[in-house]
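**Q** First the structure, then my questions, so here it is.
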Amino acid sequence: MEERVISREIIKEHAVTLFIQNGVDATSINKLVELCGIAKGTFYLYFKNKNDLVEEVFDQYRKDFIIQVIDNNKDIHNVNNFANSLIKYFDEQPIFLIELRKHINSFREFDYIEKTVLAFNKIIMSYFKFYEDRTISNIEIYNQAIIVMILEVCYQGIVTQEKDETIKILCDIFKRFFGCD
């Protein structure tokens, strides 16, 4: 009989499969261990609970998002490039968009959400500094509103498959919020 190799990475890979198929909320640990072919206790050797697994899975998406979208656009100050990068990433990783959008205002405590918001804030602030100084005292609320709008527009564009129109909408939003051409 061949011994099965199980690891954190294998559990995470199977979790992503279930998250994409069923959604995160509808994915149970029972379904996951069944797919992995492991005992429930084995899952708990690798993760404290489902939230621990979710955090680890989506933190990797966050890291990729920061590299591919935020870091690649932070010094360019080209709204079209930024809009294209957002749509491209979220089109390839819609589960990240869905979860980020779902939890962005719910104050559910996932570090990956907070870190994603901080990364978004940095690029928003870099655009403000490049294009226009703002006299808003509570910039966090302003940034949060922009992020929520960006996520909603991206979501609607990917759901409707109207990526070109979505890029135009994002560019218009950026131009209005950042005072750029």
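**Q** Can you name the condition, by its number, that ALA83 falls short on among (1) modelled with pLDDT of 95 or more; (2) in a helix (DSSP H, G or I); (3) of a type in the set (Gly, Ala, Ser)?
**A** The failed condition is (1).
**Q** Additional query: Return yes when ILE76 is over 29 Å from ILE146 (Cα atoms) and either over 16 Å from the mean Cα position of the chain (by Cα) or assigned to a loop (DSSP other than H, G, I, E, B) (or both) and no when it is not.
**A** Against the criterion (over 29 Å from ILE146 (Cα atoms) and either over 16 Å from the mean Cα position of the chain (by Cα) or assigned to a loop (DSSP other than H, G, I, E, B) (or both)), ILE76 does not qualify.
**Q** Show the residue pairs meeting these rules: Cβ distance below 7 Å; 6+ apart or different chains; first residue within region 152-163 and β-branched (Val, Ile, Thr); second residue at pLDDT 90 or above.
**A** VAL153/THR166; VAL153/ILE169; VAL153/LEU170; ILE158/PHE90; ILE158/ASP91; ILE158/PRO94; ILE158/LEU97
**Q** May I pose another question? Within region 26-55, take every residue that is part of a loop (DSSP other than H, G, I, E, B) and modelled with pLDDT under 95 and give me the one that is surrounded by the most Cβ atoms within 10 Å (Cβ to Cβ).
**A** ILE38
The values are calculated or read from the model by the stated rules, or taken from the named source; none is laboratory data. Every value quoted in this text rests on a predicted model; they were computed, and no experiment measured them. Positions of Cβ are generated from backbone atoms using ideal geometry, with glycine treated the same way; all protein chains shown enter the neighbour counts.
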